[in-house]
């Protein structure tokens, strides 16, 4: 979108500097996202009370009237047309506008991302929306039904990003495992991208266990470009809570897939998401989840505090969990996650892994392995955007220290 505004004749300035127009991409997955929108608007108006604000994204789609009433907000534009924002503002420059049309359930295309030589990895959106309607979630209302990006359009942007120097592409979407363009699936997308010269890695951001093509596991295991990394959404390790959440699997089915991935792909990094304090979650239910997370070979988990969302069905459920109890339970799981990650990292000591280096900071070159281990090495050479073998030598908090295992640091 920044590139589109530049083409339209706007001068882009950094956040915090005075501006005539500010665009805010809103989020509504959690109550915190809603609150952040108000905080950002207050900061903008404090810098320049005459700034005109355009709000786009998920909160703009679901809470449009509320947002349009906020100070400084002139345009509220939903997800279906947010990429057309420069033209929309030009046409309605001197009026307030609320534009949130329904999101069509069709294949879509996107303009290629602008070149960014600061980063070695790039996101590549292949899918949007969701049809699962989990009881706690607003995504189907904010992003629409599940829909896929045109297969050839994905390939075209991928080639553009690789030509610009990006060596790792991260496939993103709300529910990427449901990708389908006339029978072509996520597996077909990966196979197509593997053929692009100069692309070293393909990483899948996150997915549902029931949607992942199982035939891709051996593909991941056999030294292809597909990273040995999976972030598989769980949300609860208790079947009672999963049912209340309207999730599409049982804990046994989830564990079966996770263990298959762990057996098939050597040294795979396995992460997940967990929601704490869902309505009706008792102390015993929480213990079941904690034990489930403890027993399975997770590398880490992201812990989220449950919050009622305006359009979610769970907001009407009884037996709400108190904020204090949610905080206590979240802390327990975050500590368990830290222990899990530390265990995984200690098992990496002595291994030689390829590291894609991103930046030099405080005298150290920082990069990541395909298993998403953050690595720091000392080198007098220029390692930006180089993928080099590194001997992992020492755990340092949630990262590892290493040394180049060849003489490629000149």
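The values are calculated or read from the model by the stated rules, or taken from the named source; none is laboratory data. Predicted model only: the values in this text are computed from it and were never measured. Heads up, the Cβs are rebuilt from the backbone with ideal geometry, glycines too, and the neighbour counts pull from every protein chain shown.
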Exercise for the section: Go through the stretch 98-123 and give me each residue that's in contact (Cβ under 8 Å) with a residue 60 or more places away in the chain and crowded, with 21+ Cβ neighbours inside 10 Å. Expected result: 120
Exercise for the section: For the stretch 358-380, state whether one or more residues are in contact with a helix residue (DSSP H, G or I) (Cβ under 6 Å, 6 or more places away or on another chain) and either closer than 23 Å to residue 296 by Cβ or assigned to a helix (DSSP H, G or I) (or both). Expected result: no
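Yes/no per residue for (1) in the same structural domain as residue 294 (by TED's automatic domain parsing); (2) surrounded by 15 or more Cβ atoms within 10 Å (Cβ to Cβ); (3) closer than 19 Å to residue 272 by Cβ:
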site: 337; (1), (2), (3): yes, yes, yes
site: 340; (1), (2), (3): yes, yes, yes
site: 357; (1), (2), (3): no, yes, no
site: 365; (1), (2), (3): no, yes, no
site: 375; (1), (2), (3): no, yes, no
site: 378; (1), (2), (3): no, no, no
site: 387; (1), (2), (3): no, yes, no
site: 393; (1), (2), (3): no, yes, no
site: 398; (1), (2), (3): no, no, yes
Problem - Every residue from the stretch 209-244 that is assigned to a helix (DSSP H, G or I), under 21 Å from the mean Cα position of the chain (by Cα) and closer than 22 Å to residue 305 by Cα - result: 209
Exercise for the section: Just need a number here: residues in the stretch 1-60 that are in a helix (DSSP H, G or I), without any contact (Cβ under 8 Å) to a residue 60 or more places away in the chain and surrounded by 16 or more Cβ atoms within 10 Å (Cβ to Cβ). Expected result: 8
Practice task
Only helices (runs of 4 or more DSSP H) wholly contained in the stretch 96-195 count here; list those with 2 or more residues that are more than 27 Å from residue 387 (Cα to Cα) and outside the structural domain of residue 77 (by TED's automatic domain parsing).
Solution key: 139-143, 151-163
